[in-house]
Amino acid sequence: MINHMTTLGFHMQEEEDFLKLADYAYKNGTPIRTPQGSYVRLQAGGGAELWLQLDREQVAIGMHPHFTGAGLMQVGIEGELRREEANELDGTFYAWAGAEAGRPGEGLYAFLFDLPDRDVYGSLTTPMIRSVQLSAFAHELTVFSNEADYYSYQLERSSGGLVLQTETFVATGLNDQGGEPGSTAAFSGRVLRAGWIKNEMSETYFHWALVRTLGGDIDVVADERLVGGREIREGDILTGSFWLSGRLVEEA
């Protein structure tokens, strides 16, 4: 079964697999002390990462994947969402893409993204403008060789209705009726760079693509089974649904 861990080439299907990964991360990762506990960052090569969470008593309370890549997006961070089941080291920000200085609560569109290292940043005053390295973990993915094929696909799906442009972004996690808002989105964009990346821990490959969409550049990662026989290439048009994980980029 494809999940966020297998998206980066980690083997995880059962609870036992999760415990093995957490133990490996604890023994081989880099500890990072924070105000409310600590993280252990395991880098598995090519940008694939695990962030193990430890409370103040150094007991593991969670673990999240992230991909550190080349994508960059300037956003206005309007506030923080505290989920019901979140622990003290989890974090989710409410952001605006394309926000400008002095107007952090406005932009092209609003969306949510999760942070694997929220407590690293400590107390933050919002709203604020920040640069974010955003990774999109593919749930569904379709790739087209050119714009003509993409628009043909859009026309077939819309039955003569709305046809989406090649650079679009919809924060599906904010549009869900009922339940808690989620850090999910559906977007389309043009592939700037792409390739296969090997997870050095599992020796399993996953696909990566740097995608330019409305609002900025996002690193898209996908389980090799989701890509199938259609390799992603520079110049392709990519569309799909995703979970969003981001880290704040320190200003130079």
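The values are calculated or read from the model by the stated rules, or taken from the named source; none is laboratory data. Bear in mind that the values here come from a model prediction, so they are computed numbers and not experimental data. No Cβ is skipped: glycine too gets one built from the backbone with ideal geometry, and neighbour counts run over all protein chains shown. Heads up: the accessible areas ignore ligands, DNA and RNA and are worked out on the full protein's heavy atoms, side chains in. Shrake-Rupley method; radii C 1.70, N 1.55, O 1.52, S 1.80 Å.
Brief remarks follow.
- Leading residue by the ranking (surrounded by the fewest Cβ atoms within 10 Å (Cβ to Cβ)) among those in the range 190-209 that are closer than 20 Å to Leu164 by Cα and touching a Lys or Arg at 6+ places or on another chain (Cβ under 6 Å): Leu192
- Comparison of Arg82, Arg157, Arg103, Arg118 shows that the only residue that is open to solvent by 50 Å² or more (accessible area, probe 1.4 Å), within 20 Å of the chain's Cα centre (by Cα) and among the charged types (D, E, K, R) is Arg82.
- Which numbered condition Asp23 misses (of (1) out of contact with any Gly (no Cβ under 7 Å at 6 or more places or on another chain); (2) surrounded by 15 or more Cβ atoms within 10 Å (Cβ to Cβ); (3) among the acidic types (Asp, Glu)): (2)
- Being more than 11 Å from Ser188 (Cα to Cα) and either among the charged types (D, E, K, R) or open to solvent by less than 30 Å² (accessible area, probe 1.4 Å) (or both) is a description that does not apply to Asp236.
- The single condition from (1) open to solvent by less than 60 Å² (accessible area, probe 1.4 Å); (2) modelled with pLDDT under 90 that Leu162 fails is (1).
- Counted residues, the range 1-56 - those being touching an Asp or Glu at 6+ places or on another chain (Cβ under 7 Å) and either aliphatic (A, V, I, L, M) or closer than 24 Å to Leu226 by Cβ (or both): 9
- Selection status of Leu8, touching a Phe, Trp or Tyr at 6+ places or on another chain (Cβ under 6 Å) and either modelled with pLDDT of 95 or more or crowded, with 17+ Cβ neighbours inside 10 Å (or both): yes
- Scanning the range 96-115 for residues that are more than 21 Å from Trp243 (Cα to Cα) and among the small types (Gly, Ala, Ser) gives Ala99, Ala101, Gly102, Gly105.
- Test: residue in the range 38-56 that is in a strand (DSSP E or B), open to solvent by 10 Å² or more (accessible area, probe 1.4 Å), over 23 Å from Phe111 (Cβ atoms) and of a type in the set (Val, Ile, Thr): no
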